[in-house]
Every structure is written in structure tokens, then in C-alpha cells.
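Visitor: The structure under discussion is supplied below as C-alpha cells; questions concerning it will follow.
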Amino acid sequence: MREPVTAPVMVQPGKIELQTFPFPDPETGAVVIKREMCGICGTDKHSYSGQAVQYSGTDHERTLPFPIIPGHEVVGTIAAIGKHPDGLTDFNGHPLEEGSRVVLGANLVCGHCYYCRYGFDYYYCANLQDYGNSLSAANPPHLFGGFADYVYALPGSYLFKVPDDLPPEIAVLTEVMAVTSGLDKAKQFSAVDNEGFRFGDTVVVQGVGPLGVCHVMKARMLGAGNIVAIDRSAVRLGLALELGADVALNIRQTSAKDRLEAVRDLTNGRGADVVVECAGIPEVVPEGLDMLRAGGYYIESGNFADMGSVPLHPHLICAKNLRIIGIGGEAITAYGPALEAFRRYRRHYPLHKFVSHRYPVHEAEAALRFSMTDDSMKVVIASPEYL
Ligand SMILES: [Zn+2]
Ligand SMILES: [Zn+2]
């Protein structure tokens, strides 16, 4: 018998209790992952703050099934494996065994709904399950979130082998980096003349928390020209500058008019080619649309939780021929390339600074609260050897 597993359980919004669960015996095709690190995501903060409805307005709208173990940004080693007759492999076909280091794909799709059959991204799936979100800790084997010391990955989960030389504080960013697929999408449109995100384009990122900073890095890697970061936190803006931004605009020191002028000054008066919303605040959307040049692309990836509505000016969208792209999550095909990009670019980017604070499992609630402050970048729950 292995030791019981310690897990922080969100029994309701605003309340986390430490509980223990039996060490699970994995079924065929399942694995148990000993968590090295788990990132705290905006989604976890929303759950804690009581924004418990996800995908509202879609046919898979759901309310979080408390109690839940939060956390879906997991890197760790395989501690137990449910034997599979053909052997278990990761997403890229690499064999997996006990001791393999992996990143866990955050989501499970059904494979048989319209969107799955037609190859849409996971967040279209009508029967979607997400670690740390939709799987209740009330149901055995309980350990469906990365805040726990061990995570149960159900059969059909996507696993990604981590390059040996990539430390957990970088591998833990894989899922966030994978959500930058909105920029890849905008890039794909550039196959058509004068569309999409083109080489040398000016990119504005509204909100440079972890998701925004990953967009800054990705925009740089994909050939952006000027990159403008907007935030209210000097700490976050500082890191954005180190990770690829050229200009930082602090909303505490500038007005909306100042920011609009700054973006126009950089672009001969035209406005930005691409604006990415990563603030998760509805009120920033009209400002972002104002900043775009005619025909510019607005990528909406920050308002994952339903934070309410805001008046928009449809005439502006029409008159400026704006393109608005909603991105509800990461592409599963973006995990492997994200890991590879981290391995390649860690020489050029100070990626080791990205994880700003590490907390042990029994301080998960303090970690969540701290992650909501302006002085944090990526806050993680870490096992004792990585504190
Ligand atoms: Zn996340
Ligand atoms: Zn499906």
C-alpha cells in the first residue's frame, strides 16, 4: 500500500481544505503522475472567486462540480501506469514508463461529437472534461487536479514527454504557451494578401500576466515588429520587456488617450496590426478595438470566465473592417511545439524568471490568493524538492 495522497480541495468558491485520498490503482491506459509543479491559472482564480460557470452561452455551458481539486498546468513523473496491451505512448508516439517526465494535456475530449469528428480544437467538444475544473473530487479516484501531490490521468488523456534538460519551472508553462495559438491562427490568415499577422507587424498585448507574456514571446518568435505591453503592474511590465516587448504602457500612469496615441505614434498614425486581449476584463475590449488599424486582428483569449458585458460600437467593426478571433483555449497540437520552443529559446529568453513564486501543497490557498496580486507572475504549487 502506498501512502495516502494530500490534496487541496476547493469545497466551494473561496474555501480550500486539505484532504487525503487513497493512492489510486490506475485502470488500463491511465497513469498516476507525481506532480513536480502545477501552475495556478486564471481559471483557478476565477473558480476561487466564484465565477463558477464556464463556456456560458454554448451548448456545453457548465457549473463547476464542487468539490474540485484545482490545477491543470501539470508537469511531473509517472509514478504508476495502468498497463496497456500495446504499451502506452505520449502524444508524439514516445513510449511511456514509470519515471517518464511528462506534461499533462489539460483536457479530455469525447471523440464522437460533431466538433470532435470534424477535427475542431478541444474547446469545441460538446462533452469536454478538464482537469482541475469539470471533474469532481467527490468521485473516485478523486485526484483530478494538479494542486494535489499526485494526479490521476484518465485513459485517453494527452501526455507529452518533457525534454530531459528542461526544468519543471519552464515545462510548467507549456499549457499557457499552447494558448497562444490565437497568434498562429492569425498567422495562418496571412496566407491571404493583407490579412492576418504578418512579418514585422505591430502587436499590442493587453494584460501581461502569464498568458499575456507568453503572447509577447510568441509574437516575437513569429516575427512581430514592435510589441507593446499594457498592464497595471510594474513587475509584469518589466518581465514583458525582458521577454520581447519593446514598449511598456502602465495604465496607472497613462490615460486611454495616451495609450492610443502611443500606439499610433509607433505605426505612422495607422494603429496596431494585431491586438491580443489577455487581461480578462471586458472593459479593455473597446480600447483594444480602437487601437487597431483598419483591417486589423483582435484576438480575444482573456475573458475565459464570464465577467459580464460591455458596450461595443458595431459601426467601428464595420467601418474599420476589423477581424475578431475568439480563442477558447489551447490547441492540443501546440503542446509539443511549445516544449520544443522552450528548449530552443531558453538561451535567448530569461524563462527561468517566469515562475515568480513557489508554494508547498499545504499553502495552496495562500498561493491562490497571492497569484491574484500584481506582484506575481506565474505562481506554482511545487513538491518539496522544487520549493
Ligand atoms: Zn491554464
Ligand atoms: Zn467531443
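Taken together, the values in this text are just the output of simple stated rules run on the coordinates, not laboratory data. The structure displayed is predicted, hence computed values, not measured ones. No Cβ is skipped: glycine too gets one built from the backbone with ideal geometry, and neighbour counts run over all protein chains shown.
Visitor: Treat the count of other C-beta atoms within 10 Å as a stand-in for reagent exposure and order His72, His315, His94 from fewest to most. Kindly include the intermediate steps, with their values, before the conclusion.
Guide: Numbers: His72 23, His315 8, His94 12.
Ascending number of Cβ neighbours within 10 Å: His315, His94, His72.
Visitor: With all pairs of different alpha carbon atoms counted, what Kirkwood hydrodynamic radius in Å does region 182-262 show?
Guide: Values: mean 1/r = 0.0779 Å⁻¹.
Evaluated on region 182-262, it is 12.8 Å.
Visitor: Here is a further query. With viscosity set to 0.890 mPa s at 25 °C, what whole-number translational diffusion coefficient in µm²/s follows for region 291-361 from Stokes-Einstein and a Kirkwood radius over Cα pairs? Walk me through the intermediate numbers first.
Guide: Details: Rh = 16.2 Å.
Taking Rh from Cα pairs, D becomes 152 µm²/s.
Visitor: Among all stretches of the chain without exposed chymotrypsin sites (Phe, Trp or Tyr not before Pro) (DSSP loop, at most 10 other Cβ atoms within 10 Å), which one is longest? Working shown, then result.
Guide: On the way: sites that count: Tyr118, Phe199.
Here the longest segment lacking exposed loop sites spans 200-387.
Visitor: Over 17 Å apart: what share of the alpha carbon pairs of region 268-387 falls there, rounded to a whole percent?
Guide: Working: 5060 of 7140 pairs.
When every Cα pair of region 268-387 is considered, 71 percent fall beyond 17 Å.
Visitor: Computed FRET efficiency, Cβ-Cβ of Ser136 and Arg232, R0 45 Å: what is it to the nearest 0.05? All intermediate terms of the calculation are to be shown ahead of the outcome.
Guide: Values: r = 35 Å, r/R0 = 0.78.
For R0 = 45 Å, the calculated efficiency reads 0.80.
Visitor: Something else now. What Kirkwood radius, in Å to one decimal, follows from the Cα pairs of region 92-175? All intermediate terms of the calculation are to be shown ahead of the outcome.
Guide: On the way: mean 1/r = 0.0700 Å⁻¹.
The answer is 14.3 Å.
Visitor: Here's something else I'd like to know. Once the Cα gyration tensor of region 339-381 is diagonalised, what are the square roots of 5 times its eigenvalues, in whole Å and ordered largest first, as equivalent ellipsoid semi-axes? Each step should come with its number before you reach the end.
Guide: Working: eigenvalues 127, 26, 9 Å².
For region 339-381, the ellipsoid semi-axes come out as 25, 11, 7 Å.
Visitor: Once phi is turned into θ = phi - 60°, what whole-Hz ³J(HN,Hα) does the Karplus curve with 6.51, -1.76 and 1.60 give for every residue of region 314-328, x standing for Gly and Pro?
Guide: Ordered by residue, 3J(HN,Hα) equals x, 4, 5, 4, 6, 5, 8, 6, 6, 10, 10, 10, x, 10, x Hz.
Visitor: Using 0.36 nm per residue, how much length does the chain from Thr77 to Glu61 gain when fully extended, once their Cα-Cα distance is taken away?
Guide: Using 0.36 nm per residue and subtracting the Cα-Cα distance, I get 2.5 nm.
Visitor: Among Asp90, Asp201, which comes first, second and so on when ranked by fewest other beta-carbon atoms within 10 Å? Mind dumping the intermediate values first?
Guide: Details: Asp90 19, Asp201 24.
Lowest to highest Cβ neighbour count: Asp90, Asp201.
Visitor: From largest to smallest, what semi-axes in whole angstrom does region 187-323 give when each is the square root of 5 times an eigenvalue of its alpha carbon gyration tensor?
Guide: Details: eigenvalues 79, 67, 43 Å².
Output for region 187-323: semi-axes of 20, 18, 15 Å.
Visitor: Please work out how much length the chain gains when fully extended from Asp164 to Asp25, using 0.36 nm per residue of separation minus the C-alpha to C-alpha distance, in nm with one decimal.
Guide: Here the segment from Asp164 to Asp25 would lengthen by 47.3 nm.
Visitor: Taking Cα pairs under 8 Å and at least six residues apart, what relative contact order does the chain come out at, in percent? Mind showing how you got there, number by number?
Guide: Details: 901 pairs, mean separation 69.5, N = 387.
Computed over the chain, the figure is 18 percent.
Visitor: Now for a separate question. Only bridges whose two residues both fall in the chain count here: according to DSSP, what percent of them are antiparallel, nearest 5? Don't jump to the answer; show the numbers that get you there.
Guide: Numbers: 35 of 60 bridges.
So the antiparallel bridges in the chain amount to around 60 percent.
Visitor: List the trypsin sites (Lys or Arg not before Pro) in region 282-365 that DSSP assigns to loop (not H, G, I, E or B) and whose Cβ has at most 13 other Cβ atoms within 10 Å. Which are they? Walk me through the intermediate numbers first.
Guide: On the way: sites: Arg293, Lys320, Arg323, Arg343, Arg344, Arg346, Arg347, Lys353, Arg358; in loops: Lys320, Arg346, Arg347.
Filter output for region 282-365: Arg347.
Visitor: Could you give the nm distance between label points at Asp375 and Val53, where each point is 7 Å from its Cα heading toward the beta carbon?
Guide: Modelled inter-label distance: 3.6 nm.
Visitor: In whole Å, what is the distance between the alpha-carbon centres of region 1-61 and region 333-352?
Guide: 26
Visitor: Over the Cα atoms of region 1-99, what radius of gyration and what Dmax do you get, in Å?
Guide: Cα-based Rg and Dmax for region 1-99 come out at 16.2, 46 Å.
Visitor: Between Glu340 and Asn92, what length in nm is gained on full extension when 0.36 nm per residue of separation is reduced by their alpha carbon distance?
Guide: Details: separation 248, 0.36 × 248 = 89.28 nm, distance 1.23 nm.
Length gained, Glu340 through Asn92: 88.1 nm.
Visitor: Compute the distance in nm between two label points, each set 7 Å from the Cα along the Cα-to-Cβ direction, one at Glu385 and one at His313.
Guide: Label-label distance for Glu385 and His313, simple model: 5.7 nm.
Visitor: Please express the shape of the chain as an equivalent ellipsoid: the semi-axes are the square roots of 5 times the eigenvalues of the C-alpha gyration tensor, given largest first in whole angstrom.
Guide: Working: eigenvalues 248, 90, 84 Å².
For the chain, the ellipsoid semi-axes come out as 35, 21, 20 Å.
Visitor: Another question, then. Would you kindly give the portion of the calculated P(r) for region 49-199 that falls above 18 Å, as a percent of all Cα pairs? The partial results should precede the final answer.
Guide: Values: 7422 of 11325 pairs.
Value for region 49-199: 66 percent of Cα pairs lie more than 18 Å apart.
Visitor: From zero outward in steps of 10 Å, how is the percent of C-alpha pairs of region 55-110 spread across the bins?
Guide: Percent of pairs per bin, in order: 17, 40, 25, 18, 0.
Visitor: Sticking with this structure for a sec: Give a residue-ordered list of calculated ³J(HN,Hα) values for region 46-54 (Karplus: 6.51 cos²θ - 1.76 cosθ + 1.60, θ = phi - 60°; whole Hz; x for Gly, Pro).
Guide: These are the phi-based 3J(HN,Hα) values: 4, 4, 5, 7, x, 8, 9, 9, 10 Hz.
Visitor: Order these by the 10 Å Cβ neighbour count, fewest first: Asp306, Asp265, Asp130. Write down the numbers at each step before the final one.
Guide: Working: Asp306 16, Asp265 10, Asp130 22.
Ranking Asp306, Asp265, Asp130 by Cβ neighbours within 10 Å, fewest first, gives Asp265, Asp306, Asp130.
Visitor: Once the Cβ-Cβ distance between Arg347 and Glu283 is put in as r, and R0 is 35 Å, what FRET efficiency do you end up with, to the nearest 0.05?
Guide: On the way: r = 39 Å, r/R0 = 1.10.
With a Förster radius of 35 Å, E is 0.35.
Visitor: Would you kindly derive the ³J(HN,Hα) couplings of region 245-252 from the backbone phi angles with the Karplus curve 6.51 cos²θ - 1.76 cosθ + 1.60 (θ = phi - 60°), listing them in order in whole Hz, with x for Gly and Pro?
Guide: So the J values, rounded to whole Hz, are 6, 9, 10, 10, 10, 8, 5, 6.
Visitor: Sticking with this one: Cα axis of helix 256-266 to longest principal axis of the chain: angle in degrees, 0 to 90, nearest 10?
Guide: Long axis of 256-266 versus the principal axis of the chain: about 80 degrees.
Visitor: Could you pull out every residue, at least 5 positions away or on a different chain, whose amide H is within less than 5 Å of the one on Gln19? Hs are placed 1.01 Å off N in the peptide plane, and Pro or chain starts have none.
Guide: Residues meeting the criterion, in which the H sits 1.01 Å from N, are Ala7, Val9.
Visitor: For region 1-74, what's the relative contact order in percent, using C-alpha pairs closer than 8 Å and at least 6 residues apart?
Guide: Details: 94 pairs, mean separation 27.1, N = 74.
Once normalised by length, the contact order is 37 percent.
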